[in-house]
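The values are calculated or read from the model by the stated rules, or taken from the named source; none is laboratory data. Given the structure is predicted, the values throughout are model-derived calculations rather than measurements. Every residue, glycine among them, receives a Cβ derived from its backbone with ideal geometry; neighbour counts consider all protein chains shown.
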Amino acid sequence: MDLLQQFRDKAATLKKHIVLPEGEDERMLYAAERLTQQKICKVTLLDPRGNLRQEADHLGVSIDGINIIDPSQSDYLEDYIETFIELRKHKGMTPELARKTTINHLYYGAMMVRQNHADASLAGALNTTGDVLRAAIQCIGMKKNIITVSSSFLMLIPGWDQPVSFADCAVVPDPDPKQLASIAISSAETHKRLTGNDAYVAMLSFSTKGSASHPMVEKVQEATRIVKERAPELAVDGELQLDAALIEVIGAKKAPGSGVAGKANVLVFPDLNAGNIGYKLTQRLAGAEAIGPVVQGLKKPANDLSRGCSIDDIVNVAAICALMA
């Protein structure tokens, strides 16, 4: 059984509730039908235009068992508006702006998660990553001791025994040491949650244990120190070159005594250039399957999709949302 099928099967046992704010996209309709019929999760579709039922009928999509909500007509709207005003009052939020914002499908979906009316939200088929994350950060908020939202990809690499997580490959362009430490801690949690395996986190660099001296190396060294201070239970080491992180004989030579070198399964890249290039190189040259990006660092899950996503992508990421919840 492949890993994605395992995710779907496990999600089905959890009976989580996922909101899909972009109900007007027909891919969401088809995905909601499949998620419901396969009992992967309970689904709510948001219907800001009020025509989802007609659209489903036109497409031949069954909406049996799917909850459909028009945010502007919701019984919870006034509660969400009051909550949003309180959350954003330090930014000068007014009742008028709060109403306009909360009716927006991305914000309404995020408020459903915040108010425990859904376990996770999933969007991005029609909206940019920035818009999806902005709504999630403002409504759901960050986890304690995590200072940045980030992402990780779970990489299924041919010939490799276990999945390897790559982070951050999609969100934070140039993290400072504190942000890089937060990315590492979040990525370790994500890896454990999805795979069931303990995380061994390598803080990657072009240097291993002081073999080179440069401000970019010092950033990774400082981030590693912060991770060890904030999460002393976590198996983490750095700075490590990629070969030292992954290959046992090289790790033993370059970083003797390391508890991570040679067996890392979470690779934390020093910036978005390296992370994005690294995962795409692995995907294209090694034929790896890249699952994600999985958004991490929020109090509750709110995931992002590519605007070119397929129905299968939506179903699979919804299952991941259920596992993360």
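Quick notes on this structure:
- Taking the numbered list (1) hydrophobic (A, V, I, L, M, F, W, C); (2) more than 30 Å from LEU20 (Cβ to Cβ); (3) in contact with a helix residue (DSSP H, G or I) (Cβ under 8 Å, 6 or more places away or on another chain); (4) surrounded by fewer than 18 Cβ atoms within 10 Å (Cβ to Cβ) in turn, ALA244 passes all entries but (4).
- Some residue of segment 31-46 being surrounded by fewer than 21 Cβ atoms within 10 Å (Cβ to Cβ), without any contact (Cβ under 8 Å) to a residue 40 or more places away in the chain and acidic (Asp, Glu): no
- Flag for PRO71 being in the same structural domain as ASP313 (by TED's automatic domain parsing) and over 24 Å from PRO301 (Cβ atoms): no
- Residue within segment 199-209 that is in a helix (DSSP H, G or I) and touching a residue at least 24 places away in the same chain (Cβ under 8 Å) present: no
- The set of residues from segment 14-29 being surrounded by fewer than 23 Cβ atoms within 10 Å (Cβ to Cβ), in contact with an Asp or Glu (Cβ under 6 Å, 6 or more places away or on another chain) and in a loop (DSSP other than H, G, I, E, B) comprises just one member, LYS16.
- Among (1) farther than 20 Å from ALA302 by Cβ; (2) outside any loop (DSSP other than H, G, I, E, B), the one test that SER165 misses: (1)
- Positions within segment 281-301 being of a type in the set (Lys, Arg) and free of Cβ contacts under 8 Å to residues at least 40 places away in the same chain, in sequence order: ARG284
- Only one entry in TYR107, TYR80 is of a type in the set (Phe, Trp, Tyr) and farther than 26 Å from GLY308 by Cβ, namely TYR80.
- Leading residue by the ranking (farthest from ALA118 (Cα to Cα)) among those in segment 273-305 that are β-branched (Val, Ile, Thr) and in a strand (DSSP E or B): ILE291
- Within segment 312-319, the presence of a residue that is in a helix (DSSP H, G or I), surrounded by fewer than 18 Cβ atoms within 10 Å (Cβ to Cβ), at pLDDT 95 or above and not aromatic (Phe, Trp, Tyr) is excluded.
- Single residue of ILE146, ILE137 found to be out of contact with any Phe, Trp or Tyr (no Cβ under 6 Å at 6 or more places or on another chain), surrounded by 16 or more Cβ atoms within 10 Å (Cβ to Cβ) and not in a loop (DSSP other than H, G, I, E, B): ILE137
Listed here are the residues, each with its yes/no results for (1) modelled with pLDDT of 95 or more; (2) of a type outside the set (Asp, Glu); (3) in a helix (DSSP H, G or I).
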{"site": "ALA31", "(1), (2), (3)": "yes, yes, yes"}
{"site": "LEU35", "(1), (2), (3)": "yes, yes, yes"}
{"site": "ILE40", "(1), (2), (3)": "yes, yes, no"}
{"site": "GLY50", "(1), (2), (3)": "no, yes, no"}
{"site": "VAL61", "(1), (2), (3)": "no, yes, no"}
{"site": "SER72", "(1), (2), (3)": "no, yes, yes"}
{"site": "ILE85", "(1), (2), (3)": "yes, yes, yes"}
{"site": "MET111", "(1), (2), (3)": "yes, yes, yes"}
{"site": "SER121", "(1), (2), (3)": "yes, yes, no"}
